[in-house]
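Asker: My questions will all concern the structure given below.
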Amino acid sequence: MSNLQLISESVQKGRAKETVSYVSEAIKEGTSASDILNNGLLDGMSKLGIKFKNNEVYVPDVLVAARALTKGLEELKPLMISEDIKPIGKVVLGTVKGDLHDIGKNLVKMMLIGNGFEVIDLGVDVSAESFVNAVKKNEPDIVALSALLTTTMSQQGEIVKALTANGLREKVKVMVGGAPVTQAFCDEIGADAYAADAATSAEIAKIFAIHK
Ligand code: B12
């Protein structure tokens, strides 16, 4: 098995130490950062994303894989910087005001990072004003909103309104998700996309990034 395959496999198995040592070996062998990133680390995460979507693996598997991916990325970072690899897009992500659920949001974050996006994670309980400020500051391509409570999902609509009121709505795509959120709700509040799971959120984000 090649080093890149070993990296991909170790990410899928969530073995952080192994991932780091295979990345380090690949660097020593002179493999480019983009090869290690795309055909090793991200390959592993996208394969796991498909398995997650098909219910072949579960949330804990994705979380340990995400940790392995993050560790591998840390090891690769100096080489990435020296090769000047740019992310394919920027996403501002957060769980809306009044809502403290972040497991789903963190999975979405990892899938986005795993697919080459830079993610600015605002955390949980994030007000519309904070989203607006983060959009002004970071100029993302996409704003991704998570809500897990029927009482907080309306905040997603408030954020769309606040972006419009601040003249920012045309500059970003708004993606919404979370257990109570539906495509119909997404349409009702004027968001651009709804995804039921983290793997689909990354697929949609990639489509937005290609068409920006
Ligand atoms: C874990 C959990 C908690 C934990 C949260 C810990 C944490 N760090 O997140 C704790 C214990 C803190 C908690 C608290 C509460 N919870 Co709670 N919680 C849950 C539980 C069991 C699991 C949620 C979860 O993490 N699922 C796993 C993740 C992976 O799934 P997910 O979040 O849906 O995310 C996926 C998709 O929705 C999507 N997605 C998510 N976000 C986004 C964003 C974008 C942009 C996109 C595209 C996609 C996307 O992708 C994700 C991955 O595939 C659910 C029940 C359930 N089965 O859903 C209740 C649940 C959500 N909680 C509920 C309630 C009522 C509460 C409390 C009000 C309880 C209380 N009385 O205190 C508080 C509220 C606190 C607050 N203000 O937020 C209710 C909500 C009911 C409702 N209809 O509103 C639920 C449904 C339980 C129930 N059946 O009653 N909770």
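The values are calculated or read from the model by the stated rules, or taken from the named source; none is laboratory data. None of the values given here were measured: they were computed from a predicted structure. Cβ placement follows ideal geometry from the backbone for every residue including glycine, while neighbour counts extend to all protein chains displayed. To get the accessible areas, we keep the full protein, side chains included, count just its heavy atoms, and leave off ligands, DNA and RNA. Shrake-Rupley method; radii C 1.70, N 1.55, O 1.52, S 1.80 Å.
Asker: 5 Å is the cut-off here: which amide hydrogens, built 1.01 Å from N in the peptide plane, fall below it relative to THR95, excluding neighbours closer than 5 in sequence?
Answerer: GLY123, VAL124, ASP125, VAL126, SER146
Asker: Could you check the spin-label model distance between LYS17 and ILE207? Points 7 Å from the Cα along Cα→Cβ, value in nm.
Answerer: 4.3
Asker: Among LEU79, THR152, VAL126, pick out the residue whose Cα is farthest towards the positive end of the charge dipole of the chain, where Lys and Arg carry +1 and Asp and Glu carry -1 on C-beta, about the Cα centre.
Answerer: Checking the options against the dipole of the chain, the answer is VAL126.
Asker: Then there is this: Among LYS90/LYS136; LYS90/LYS206; LYS17/LYS86; LYS13/LYS206; LYS28/LYS77, which pairs are too far apart, with a Cα-Cα distance over 22 Å?
Answerer: Violating the 22 Å Cα-Cα cut-off are LYS17/LYS86; LYS13/LYS206.
Asker: Here's something else I'd like to know. Given only helices, namely DSSP H runs of n ≥ 4 each adding -39500 (n - 2.57), what is the per-residue ellipticity at 222 nm of the chain, to the nearest 500 deg cm²/dmol?
Answerer: The helix-only estimate for the chain comes to -17500 deg cm²/dmol at 222 nm.
Asker: Tell me, what HN-Hα J-couplings in whole Hz come from the Karplus equation 6.51 cos²θ - 1.76 cosθ + 1.60 at θ = phi - 60° for each residue of segment 98-114, using x for Gly and Pro?
Answerer: Couplings: x, 10, 9, 6, 9, 5, x, 4, 5, 5, 4, 4, 5, 5, 5, 4, x Hz.
Asker: Measure off 7 Å from each Cα along the Cα-to-Cβ vector at GLU188 and ASN55, then give the distance between these two points in nanometres to one decimal.
Answerer: That separation, rounded to one decimal, is 2.7 nm.
Asker: While we're looking at this one, here's another question. Once segment 3-83 is represented by equal point scatterers at the alpha-carbon sites, with solvent omitted, what log10 I(q)/I(0) does the Debye formula produce at q = 0.12, 0.14, 0.24 Å⁻¹?
Answerer: Relative scattering, expressed as log10 I(q)/I(0), comes to -0.29, -0.39, -1.00.
Asker: Please give the per residue accessible area of the chain, computed with a probe of 1.4 Å over protein heavy atoms only, in Å².
Answerer: That works out to 49 Å² per residue.
Asker: With a 1.4 Å probe and all protein chains kept in place, how much accessible area does SER154 have, in Å² rounded to the nearest 10?
Answerer: The accessible area of SER154 comes to roughly 60 Å².
Asker: Report D for the chain in µm² per second (integer): Stokes-Einstein, Kirkwood Rh on Cα pairs, 10 °C, 1.306 mPa s.
Answerer: The diffusion coefficient I find is 91 µm²/s.
Asker: Under 1.5 on a/c is rounded, so check that first for segment 89-210, then, if it is not, pick prolate when a/b is larger than b/c and oblate when it is not; a ≥ b ≥ c are the square roots of the alpha carbon gyration tensor eigenvalues.
Answerer: It is rounded, given that a/c, with a ≥ b ≥ c, falls under 1.5.
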